[in-house]
1. If each of Asn322 and Glu145 carries a label point 7 Å out from its Cα toward its Cβ, how far apart are those two points in nm?
2. For a quick check of your reading of the filter: which GluC sites (Glu not before Pro) in region 35-127 sit in a DSSP loop and have no more than 10 other Cβ atoms within 10 Å?
3. How many nm is it between the label spots at Leu307 and Ser185, if each spot is 7 Å from the Cα in line with the beta carbon?
4. Mind running the shape call on region 108-171? Use the C-alpha gyration tensor, a ≥ b ≥ c as the square roots of the eigenvalues: rounded below 1.5 for a/c, prolate if a/b tops b/c, oblate otherwise.
5. So how long is each side of region 300-350 along the principal axes, counting just the alpha-carbon atoms, biggest first, in Å?
6. When the Karplus curve 6.51 cos²θ - 1.76 cosθ + 1.60 is applied with θ = phi - 60°, which whole-Hz ³J(HN,Hα) does each residue of region 143-150 get, with x for Gly and Pro?
7. Probe 1.4 Å, all protein chains in place: accessible area of Leu66 in Å², nearest 10?
8. Ordering Trp120, Trp341 from largest to smallest accessible area (1.4 angstrom probe), what's the sequence?
Amino acid sequence: MVVCLKVKKEHGESAKQFLQQKGWLDTSLLIGKTELRYLILPISGKFDPKILQKKFPGSKFEEKNLKGIPPRAGDLKHLLQHLLKDEEVNELIKSYDTVGDIAILDIPPKLDRLAKSIAWSFKRSFPNIKVVARKMGRVGSSSEEYRLRKYEILTGEKRLITMHKEAGIQMHVDLEKAYFSPRSSHERERVAALVQKGENVLVMFAGIGPYALAIASEQPGAHITAIEINPEAVKLMEENIRINRLGFAVTPILGDVTEVLPKLNQKFDRIIMPYPERSWDFLNLAFKYANKNAAIQFYAFVREDRLADTELKIKKIAEKENRKVRAIKVLKAGSYAPKTWRYVFDIKIR
Ligand code: SAH
């Protein structure tokens, strides 16, 4: 119950303004009205009843139960705080991704019960989100080779297909059929900026084409070959090359890099290997098909205390292919597990 000023409707607007000016209006509560002719204005602070009564004759002070003002629709944190502990709210807000108009949540199993309500909060907060989905299992749990995981659609339209925009490039994405993550966009920008005019670039494990397209749009003078084994991903990549009008720069190839490369009869100035679980199995191939003075962007999950060993391992593989590593620069390019990161090794060879 709060103290309210009950005023005639015709005085309502001026009374509200007067209370606001004086700082006497309780703005956390909704203004009420009676069925007949009165408005109920919640008041707070040290109001002066005499002044109010003089200014608004016929008004009364009454104790009332007024509803609180509901939070703005956009306030995700506020909505989630009704359901969850603060640290759970922070964890959810930190870990979700958006791909096109799909929000992808990472909800821990202990919050199973609340999954739908959490999804509704996201949907309410972001009017542009049309689908709210939840990650089920880890990357590779539904197809190791294609790097797919399952998703459960929690609310919204029943689809996992969308159009995603990244640095001026549009991409058709189908989360169910082909790997895509928006998280590597900065890394793609970084790599694209390294590419020089006229470079012959190979993207192994090209997926739906984000690396190839980022490079082509940043450096239209490069020639890019993009190899991918998943037929659904290649279909999307072809479509994505077409809609971005980058066909002059990117050649997509369906197939296994180990089978395609020997047939191509080409060597490359730069080779990009974004398949961190298994890129080790293909590093020898990269050294084999690298030009003199080439660069390799090699991605791998590595424990932070194993970096020195990892560099040695890379050099040994190079030696087996009779190549010499000139320099290796290591950068973090994503988190993976405690003390283990997705690293990129920028390898320069002679
Ligand atoms: N570069 C993309 C995709 C990375 S996921 C991106 O960043 O979004 C790794 C991709 O490698 C998957 O699409 C998978 O289908 C593909 N792949 C796995 N083994 C392959 C192989 N031997 N040859 C070519 N592509 C392969």
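1. About 3.2 nm, to one decimal.
2. Details: sites: Glu35, Glu62, Glu63, Glu87, Glu88, Glu91; in loops: Glu35.
Here the sparse-neighbourhood loop sites are Glu35.
3. The two pseudo-label positions are separated by 2.7 nm.
4. Numbers: a/c = 2.31, a/b = 1.05, b/c = 2.19.
Judged from the Cα gyration tensor, region 108-171 comes out oblate (a/c at least 1.5, b/c at or above a/b).
5. Principal extents (Cα only, largest first): 36, 15, 13 Å.
6. 8, 5, 5, 8, 6, 9, 10, 8
7. 40 Å²
8. Working: Trp120 140, Trp341 70 Å².
In descending accessible area the options line up as Trp120, Trp341.
The values are calculated or read from the model by the stated rules, or taken from the named source; none is laboratory data. Everything numeric here is computed off the predicted structure, so don't read it as measured data. Neighbour counts are summed over all protein chains in view; Cβ atoms, including those assigned to glycine, are modelled from backbone coordinates with ideal geometry. Side chains included, ligands, DNA and RNA excluded: accessible areas come from the protein's heavy atoms. Shrake-Rupley method; radii C 1.70, N 1.55, O 1.52, S 1.80 Å.
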